Amino acid sequence: MVQVADKTALIIGVTGQDGAYLSELLLAKGYVVHGLKRRSSSFNTARIDHLYQDPHAADVRFHLHFGDLTDATNLCRVIQDVQPNEIYNLGAQSHVQVSFETPEYTANSDALGTLRVLEAMRILKLGTSCRFYQASTSELFGGMGNAPQHESTPFYPRSPYAAAKLYAYWMTVNYREAYGFHASNGILFNHESPLRGETFVTRKITRGVAAIERGLREKLYLGNLDAKRDWGHARDYVEGMWRIMQQEKPDDYVLATGEAHTVREFVELAFDAVGKTIEWDGEGVHEVGFDRKSGKALIEVDPRYFRPTEVDFLMGDPKKAREKLGWQHVTPFSDLVAEMVESDLRAIMREEGRNDLFN
Ligand code: NDP
Ligand code: GDR
């Protein structure tokens with residue numbers, strides 16, 4: 001791996017899925033890594049606890065600071081203290097469905113939060129010495145439908161989350177054009193891992209499969225089984241973020257696999273990983289998934305998980321990233337699903353005191 005000595009990065013959203021993988025990557029490259037974490041009444045650092053270093057030790061390269069994207073003075077102070085060469089803004093209320101429940105907070109953290117970071121860089125005169133990465137999203141394309149989506153596909157946000165991210169996208173472009181910032185957008189399609197938040201559909205499915213397999217629950221309730229997504233592995237995507245930041249010129253890039261699957265296919269593959277074959281019966285809200293062997297209903301559609309406005313089909317065209325960054329995803333879809341199911345099974349078995357089964 002390339003070693004990058006003497007570089008300091010600030011990761012906003014360090015406690016999230018991508019924050020954890022990116023921290024690992026940057027530490028392995030020799031960076032000093034600072035992360036912004038939110039104050040919480042319960043522990044929120046589980047994904048990065050293995051990276052924790054005693055602050056009293058010599059040569060500490062991983063530091064955490066309390067902070068929040070809704071707090072401009074805090075952002076200014078942390079950035080001033082850290083003096084980073086690279087800022088990765090991964091912080092967000094990142095759940096699309098939750099954004100319909102909390103549209104104002106989502107706008108505050110995801111849209112204005114990004115503006116606050118850019119303004120802090122401007123006030124501190126870091127715009128040209130420090131590079132900025134914005135975690136933009138395929139949700140920007142939303143209702144456009146015309147897959148595969150690429151950097152010039154028009155945007156059509158379909159949720160408060162996507163509309164907030166649209167503002168953040170354009171402010172990143174604007175600070176680049178207005179003030180010469182090295183500011184780039186990574187327009188990332190869905191990426192998952194064993195560290196994925198438990199209520200995103202992939203992790204909800206793999207946790208559900210593991211729980212059903214271990215006899216802890218009977219059935220899994222899901223929403224729209226027809227939605228199609230371009231699912232990659234988060235570990236591959238943080239490599240793409242880093243490559244975007246190493247370009248001499250700032251720019252915007254789609255990172256995607258170029259392959260799409262329905263939620264239904266994800267369910268089938270996840271059950272396949274534990275030797276179960278799913279057969280479907282009924283349509284729409286009445287659709288049920290049965291275990292072929294036992295005849296038991298394991299999946300049921302629950303309309304409470306339907307969204308007021310859905311994004312039906314996202315599939316990205318990663319050609320620009322391949323050609324300019326030399327980036328492409330590595331992990332096949334089937335391996336991603338299998339890794340997530342295995343990880344969730346292991347977690348349950350650890351709780352049961354059964355460490356032997358996977359050895
Ligand atoms: P997660 O939800 O796992 O992590 C989000 C991170 O942001 C967490 O560390 C969270 O803290 C933090 N955060 C939330 N609100 C605030 C706030 N107000 N101030 C500071 N930090 C905050 O998301 P992912 O790791 O999956 O995604 C990273 C980024 O990439 C997000 O911006 C997301 O919108 C975007 N994205 C993700 C994609 C994906 O498929 N994963 C695809 C495209 C874009 P805490 O742990 O305390 O909740
Ligand atoms: P998404 O991810 O909205 O694409 O946003 P999510 O996994 O929540 O939904 C994907 C698709 O699955 C359908 N679905 C369900 N979704 C959830 N969460 N729960 C269910 O029970 C369920 N049943 C069906 C959804 O309707 C949707 O079509 C993710 C986030 O990481 C964003 O932050 C990121 O920007 C985008 O990916 C790219």
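Any read-out appearing in this document is the output of simple, stated calculations on the displayed coordinates, not a laboratory observation. Quick caveat: nothing in here was measured; it's all calculated off a predicted structure. A quick note on method: Cβ atoms are made from the backbone with ideal geometry, for glycine too, and the neighbour counts reach across all protein chains shown.
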Could you tell me the center-to-center distance, by alpha carbons, between region 171-185 and region 125-143 in angstrom? 8 Å
Compute the distance in nm between two label points, each set 7 Å from the Cα along the Cα-to-Cβ direction, one at K125 and one at E104. 3.9 nm
Going down the table (K228/K249; K228/K319; K165/K324), which pairs top 26 Å between alpha carbons? K228/K249
Region 91-125: trypsin sites (Lys or Arg not before Pro) falling in loop per DSSP and having at most 16 other Cβ within 10 Å: K125
Compute, for the chain, the length of the dipole vector about the Cα centre, with Cβ point charges of +1 (Lys, Arg) and -1 (Asp, Glu) only. Units Debye, rounded to 20. 740 debye
Once you list every other residue whose beta carbon is under 9 Å from the beta carbon of F132, what net charge do they have if Lys and Arg are +1 and Asp and Glu are -1? +1
Going from the alpha-carbon gyration tensor of the chain, what semi-axes, largest first and in whole Å, does one get by taking the root of 5 times each eigenvalue? 35, 24, 19
Ordered by number, the trypsin sites (Lys or Arg not before Pro) in region 263-292 that occupy a DSSP loop and have at most 14 other Cβ atoms within 10 Å are R292
For the chain, what's the relative contact order in percent, using C-alpha pairs closer than 8 Å and at least 6 residues apart? 16 percent
Highest-first arrangement of 10-19, 167-176, 329-338, where packing means the average Cβ count within 10 Å: 10-19, 167-176, 329-338
Qualifying GluC sites (Glu not before Pro) for region 236-306 [loop in DSSP, other Cβ within 10 Å: at most 11]: E248, E283
Rounded to the nearest whole number, the per residue volume of the convex hull around the C-alpha atoms of region 35-91 in Å³ is 112 Å³
